[in-house]
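The values are calculated or read from the model by the stated rules, or taken from the named source; none is laboratory data. Source: prediction; values computed, not measured. Cβ coordinates were reconstructed from backbone atoms using ideal geometry, including for glycine residues, and neighbour counts include every protein chain displayed.
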């Protein structure tokens, strides 16, 4: 293999794929990045056997070939190079990659590319094409609500349902549920119901580039995998096997109190209250106070013995009964962070019933938060 690439392209490609490198593995090759010539470009791949990421970068190829190189070594080394051309030559006999950038010369010992796990080969014609901007937005509005508890693997995933011309993503950690749906302009050939690890979804949103307008999703039959194909990158993830909770049954169908509140004002109040509440267990109290013939207000308070207390009043339009309810402020802040509408609706029934947050004017997103004990 004899290849010339720019330092910028190589560093960018390595930053994309290296997130899939296995930090702890009994297989040394999983700590490596595969470099292979591929139809006039250089292909970089990394996998931990659950998540695999591939990226193609522009290259001048003098000789074809492939090698796997320790990810940490190559990433750290390339980051120190000046923004210039990098010449890479492989000595197949010793499996050593020689890198030259300006006056610096480096030899890195690798492992034969034959030892690297094969990445799946698929036909994009079998996939579903998704609008990139919408899909990235869906991921950001849902994936944060997935659980990080390894004891409940199903809740570490994002449930994806594609039925006719509607795609729905949902995630829950048992204390909150985030659901986002989007319609396609034309019906989809195949219905899909799968659970994708939230980590894979977050990595996918991270590798989207400005050049990408669409992403093709392929779910090969019987393989337990999902593949997302972009213009210059591809992500493959194992699916999670199990029964996802029936989240639709948990979303309240009605509300005794409906509070319309400015999204930025609510978010700012939560950020301020969180500074105090985080020293306790993130509890804040919302005192929802409607007023006859005019706007009401929501009094947001946090108090901990160690830090002190916060009291913030935010104006709101309130229909229904007054209510004092407590929530985890981190959960409130995280959902308000991903809502783009100027106002949000907080729907409540009682201090021991879930609260529902919806963007005003957008029927495609709903978020449910379980209340905390008022104490």
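Which of the residues belonging to region 23-37 are surrounded by 17 or more Cβ atoms within 10 Å (Cβ to Cβ) and part of a helix (DSSP H, G or I)?
29, 30, 31, listed by residue number.
Quick check: is even one residue across region 179-189 closer than 29 Å to residue 332 by Cβ, modelled with pLDDT under 95 and surrounded by 15 or more Cβ atoms within 10 Å (Cβ to Cβ)?
Yes; the residues of region 179-189 include at least one that is closer than 29 Å to residue 332 by Cβ, modelled with pLDDT under 95 and surrounded by 15 or more Cβ atoms within 10 Å (Cβ to Cβ).
Among the residues of region 232-252, is there at least one that is over 25 Å from residue 154 (Cβ atoms) and either free of Cβ contacts under 8 Å to residues at least 60 places away in the same chain or not assigned by TED's automatic domain parsing to the domain that holds residue 153 (or both)?
no
State the number of residues belonging to region 208-232 that are in a strand (DSSP E or B) and either over 16 Å from the mean Cα position of the chain (by Cα) or surrounded by fewer than 21 Cβ atoms within 10 Å (Cβ to Cβ) (or both).
Within region 208-232, the subset in a strand (DSSP E or B) is 214-218, 225-229.
If we keep only those that are either over 16 Å from the mean Cα position of the chain (by Cα) or surrounded by fewer than 21 Cβ atoms within 10 Å (Cβ to Cβ) (or both) as well, we get 214, 216, 218, 225, 229.
Residues meeting the conditions: 5.
What do you reckon, is residue 20 buried (at least 16 other Cβ atoms within 10 Å of the Cβ) and in contact with a strand residue (DSSP E or B) (Cβ under 7 Å, 6 or more places away or on another chain)?
yes
Return the pairs, sorted by first residue and then second, in which the second residue is part of a helix (DSSP H, G or I) and at pLDDT 90 or above, the first residue lies in region 126-151 and is within 14 Å of residue 214 (Cβ to Cβ), the beta carbons are less than 8 Å apart, and the residues are 6+ apart or on different chains.
So the pair list comes out as 136/205.
Being out of contact with any helix residue (DSSP H, G or I) (no Cβ under 6 Å at 6 or more places or on another chain) and either farther than 18 Å from residue 256 by Cα or not assigned by TED's automatic domain parsing to the domain that holds residue 260 (or both) is the filter here, so list the residues in region 294-303 that pass it.
294, 299, 301, 303
Considering only region 260-293, state which residues are in contact with a helix residue (DSSP H, G or I) (Cβ under 8 Å, 6 or more places away or on another chain) and part of a strand (DSSP E or B).
Within region 260-293, 283, 284 qualify.
Which condition breaks for residue 135 when tested against (1) modelled with pLDDT of 95 or more; (2) in contact with a helix residue (DSSP H, G or I) (Cβ under 9 Å, 6 or more places away or on another chain); (3) surrounded by 19 or more Cβ atoms within 10 Å (Cβ to Cβ)?
All conditions are met except number (1).
Quick one: which of 52, 40, 13 is surrounded by fewer than 17 Cβ atoms within 10 Å (Cβ to Cβ), closer than 18 Å to residue 233 by Cα and touching a strand residue (DSSP E or B) at 6+ places or on another chain (Cβ under 7 Å)?
40
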